[in-house]
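Take a look at the structure below.
The values are calculated or read from the model by the stated rules, or taken from the named source; none is laboratory data. Quantities reported herein were computed from a predicted structural model and do not represent experimental measurements. Heads up, the Cβs are rebuilt from the backbone with ideal geometry, glycines too, and the neighbour counts pull from every protein chain shown.
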Amino acid sequence: MLSENLKVVGLPSTEELACSDDIPVDNEDQNFLPNILLFLLTSIWATRTDWFFGVDMAIYHTTGANARVPIVPDGFLSLGVDRKKGGKSRRSYAVWEENEVVPIVTLEMVSHSPGTEYDEKLEIYRKLGVLYYIIYNPEYWQRDRHQPFEIYKLVDKNYQLQIGEPYWMPEVGLGIGRHQGVIGGIGQEFLSWYDEQGNRYLTAEEKAEKFAQHLRFLGIDPDNLPRNP
């Protein structure tokens, strides 16, 4: 009934809606780590224009009590939508402006302040119809009595905790899991995409270092390459 009434009075456009909930991130990783996934996708799917990955962006939908109240995941992936909507960058993501395409993956990172990732947000994503809901909780999983990395899949309209890491998502065409590596000279754990065989997609930094190692193997100093005349 609510959705029908909203359609009658008309839904707001994303130009009218806030782009986020204006709640500051708890720590730098809540913005940094989802962006790593985004940057990887721009390389993995460089030739595709039918996907969108949002970071700390409001998702507006009509499955809640008020279509003007968004859910704001740390990251989300939608398939079957334009990378640029109308050739422009999105301010927010309104399901009714995306041909009713809901995100296929959402990501929440747990902060030091106990949140609602395991109950309220899980229920919102369930009602919305998000196929995969990922909760990344590397620091406070013992406090919350959960695992550091959990993937829930929507099965018969309910979420079921999945096992295995990296976890392959056939509907997405990607796997996801944790990796301990070095980014910007700093070692830390981060999330990454994987192929169906479980091979991790490398960051641009890692690709450059791998190429440099190959040159050294060939007896070429990558720091002293000859310049074109």
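Observations, loosely collected:
- Number of residues in region 162-184 that are part of a loop (DSSP other than H, G, I, E, B) and of a type in the set (Val, Ile, Thr): the value is 2.
- Count - residues of region 190-212 that are outside any strand (DSSP E or B) and within 18 Å of the chain's Cα centre (by Cα): 4
- Checking Pro103 against (1) more than 17 Å from Tyr194 (Cα to Cα); (2) surrounded by fewer than 18 Cβ atoms within 10 Å (Cβ to Cβ), the condition it does not meet: (2)
- Restricting attention to region 65-82, the residues that are assigned to a loop (DSSP other than H, G, I, E, B) and either modelled with pLDDT of 95 or more or surrounded by 16 or more Cβ atoms within 10 Å (Cβ to Cβ) (or both) total 8.
- Selection status of Phe52, in contact with a helix residue (DSSP H, G or I) (Cβ under 9 Å, 6 or more places away or on another chain), of a type outside the set (Gly, Ala, Ser) and at pLDDT 75 or above: no
- Selection within region 189-209 - in contact (Cβ under 8 Å) with a residue 24 or more places away in the chain, of a type outside the set (Gly, Ala, Ser) and farther than 15 Å from Leu40 by Cα: Glu189, Glu196
- Residue within region 85-97 that is in a loop (DSSP other than H, G, I, E, B), out of contact with any helix residue (DSSP H, G or I) (no Cβ under 6 Å at 6 or more places or on another chain), more than 21 Å from Ile71 (Cβ to Cβ) and not polar (S, T, N, Q) present: yes
- Only one of the numbered conditions (1) more than 16 Å from the chain's Cα centre (by Cα); (2) in contact (Cβ under 8 Å) with a residue 24 or more places away in the chain; (3) assigned to a loop (DSSP other than H, G, I, E, B) is not met by Tyr159, and that is (3).
- Where Gly187 falls short, out of the listed (1) in a strand (DSSP E or B); (2) over 24 Å from Ala58 (Cβ atoms); (3) under 20 Å from the mean Cα position of the chain (by Cα): (3)
- Output for region 108-156, where each listed residue is farther than 23 Å from Thr62 by Cα and touching a residue at least 60 places away in the same chain (Cβ under 8 Å): Met109, Ser111, His112, Ser113, Tyr136
- Gly164 being under 27 Å from Pro12 (Cβ atoms), without any contact (Cβ under 8 Å) to a residue 12 or more places away in the chain and surrounded by fewer than 11 Cβ atoms within 10 Å (Cβ to Cβ): no
- If you go through region 33-64 and keep only what is free of Cβ contacts under 8 Å to residues at least 60 places away in the same chain and either under 14 Å from Val110 (Cα atoms) or part of a loop (DSSP other than H, G, I, E, B) (or both), you end up with Trp45, Ala46, Thr47, Arg48, Thr49, Asp50, Asp56, Met57, Ala58.
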